[in-house]
1. Looking at residue 406, is it on the phi > 0 side of the Ramachandran plot and in contact with a helix residue (DSSP H, G or I) (Cβ under 7 Å, 6 or more places away or on another chain)?
2. Quickly run through region 66-75 and pick out the residues that are surrounded by 24 or more Cβ atoms within 10 Å (Cβ to Cβ) and assigned to a loop (DSSP other than H, G, I, E, B).
3. Kindly list the number of the only condition in (1) free of Cβ contacts under 8 Å to residues at least 60 places away in the same chain; (2) surrounded by fewer than 19 Cβ atoms within 10 Å (Cβ to Cβ) that fails for residue 252.
4. I need a count of the residues in region 351-360 that are closer than 10 Å to residue 417 by Cα and more than 17 Å from the chain's Cα centre (by Cα).
5. For region 407-426, state whether one or more residues are within 21 Å of residue 339 (Cα to Cα), modelled with pLDDT under 95, assigned by TED's automatic domain parsing to the domain that holds residue 335 and not in a strand (DSSP E or B).
6. Among the residues in region 176-192, are any within 30 Å of residue 93 (Cβ to Cβ), in contact with a strand residue (DSSP E or B) (Cβ under 7 Å, 6 or more places away or on another chain) and surrounded by 11 or more Cβ atoms within 10 Å (Cβ to Cβ)?
7. Residue 302 - would you say it is in the same structural domain as residue 75 (by TED's automatic domain parsing), closer than 29 Å to residue 179 by Cβ and under 16 Å from the mean Cα position of the chain (by Cα)?
8. Can you name every residue in region 368-402 that is assigned to a strand (DSSP E or B) and without any contact (Cβ under 8 Å) to a residue 60 or more places away in the chain?
């Protein structure tokens, strides 16, 4: 009888301890793991598509829970997390603008992929324009011999050339490689910026309410009848080539600039650089800026000493910066526009952990979209008191949606997560709602 009593008391003690551990914030238990498994693996909504999930504690370096985290998914703009980390490691605190060689009374320069020259979203002194204005009296030549990439990334949709989210990649971007068409309700005509393109705009009845252009040329059309009495703003990418870049620079600077034919000349090469604006990575992540993403990889390739090639920057990142990632990276562009990219949730978590180890958490909070506050999740995942608890990058293509980043628990603990969903056939709204429910549970139970 005594032995049975001792055993019963021991079992009761274990039971009480298990209850205590389940209710202790910040302590991860098997009970919590089972509860989260029920919510993720057992979700009917997630079960209607292909879902992967990983939750990681950066302090203990422990994977708290994983569901199909070793499977490959199309990441869409979650690719920008990889681009961000690569640029952060390679570029440091300065950005290359151009490289140039002086030969007698001539100056030959080539672009380094810098996206900020004449970009209207960035308020800083334009390093290239200031430099070229100081070259009066010299013959100035532009070379594009080091650009070793295509205007579009592999797997991009050629039909999307007309949309503002797919500007062309180039060695010397100007004005963000897009043309702005704007008018107020009371205006009788549109405003065109850069003004150089004004002479290439014509009216056309078939243009509808948009601005059109042929895929291979910079002649734009719109229907003024459909814009009457309306406030309109459109951004349309232009076809980048050296001839157009030279024309834009001449129009802006009122300086003669010529094209340098042939290979890059020999001689002592110098580099014009500029400080890294603190808004650049914020625009990359909060606005999910595809153009900035691609140019960051080109600048990284330039700084690594090779030709301007996104492939070169990606190869370096895969072989060096991310050599210890848990799974191989099928990575083909900087923005995530291509469906060729394939990552696993646990590899996304790995890169987020590298960022966590590299930057202060407050910097990451300020750079990533904040739930209910800013960026692509400004209307989602908000805190009950207005204080954000999710700081994460979205990734969306048709039938694909991902959300990866950091979730802050009520205890103050910061966890890293990656949700990846592919192949749903309806709206992404139910998936987002289900993720919201899971993230709030994580917030309350850690």
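The values are calculated or read from the model by the stated rules, or taken from the named source; none is laboratory data. If you're wondering where the values come from, they're calculated on a predicted model, not measured in any experiment. Please note: Cβ atoms are built from the backbone with ideal geometry, for glycine as well, and neighbour counts cover all protein chains shown.
1. On the way: on the phi > 0 side of the Ramachandran plot: no; in contact with a helix residue (DSSP H, G or I) (Cβ under 7 Å, 6 or more places away or on another chain): yes.
Here the answer is no, as residue 406 does not meet what is asked.
2. Just the residues of region 66-75 that are surrounded by 24 or more Cβ atoms within 10 Å (Cβ to Cβ), to begin with: 73-75.
Selection gives 74, 75.
3. With (1) free of Cβ contacts under 8 Å to residues at least 60 places away in the same chain; (2) surrounded by fewer than 19 Cβ atoms within 10 Å (Cβ to Cβ) applied to residue 252, the lone miss is (1).
4. If we filter region 351-360 for residues that are closer than 10 Å to residue 417 by Cα, which is where we start, we get 352-353.
In the following step, the residues that additionally are more than 17 Å from the chain's Cα centre (by Cα) were identified as 353.
Total satisfying the criteria: 1.
5. Let us first name the residues in region 407-426 that are within 21 Å of residue 339 (Cα to Cα), namely 418-426.
Narrowing further to those that are modelled with pLDDT under 95: 425-426.
Imposing the further condition that a residue be assigned by TED's automatic domain parsing to the domain that holds residue 335 reduces the set to 425-426.
Checking which are not in a strand (DSSP E or B) leaves us with 425-426.
Checked region 407-426: at least one residue is within 21 Å of residue 339 (Cα to Cα), modelled with pLDDT under 95, assigned by TED's automatic domain parsing to the domain that holds residue 335 and not in a strand (DSSP E or B).
6. Step one: filter region 176-192 for residues within 30 Å of residue 93 (Cβ to Cβ), giving 176-178.
Filter once more, so that each one left must be in contact with a strand residue (DSSP E or B) (Cβ under 7 Å, 6 or more places away or on another chain): 177-178.
Subset that is surrounded by 11 or more Cβ atoms within 10 Å (Cβ to Cβ): 177-178.
Yes, that holds for at least one residue.
7. Numbers: in the same structural domain as residue 75 (by TED's automatic domain parsing): yes; closer than 29 Å to residue 179 by Cβ: yes; under 16 Å from the mean Cα position of the chain (by Cα): no.
The answer is no for residue 302.
8. Step one: list which residues in region 368-402 are assigned to a strand (DSSP E or B), which gives 370, 390-397, 400-402.
Within region 368-402, 370, 390, 391, 392 meet the criteria.
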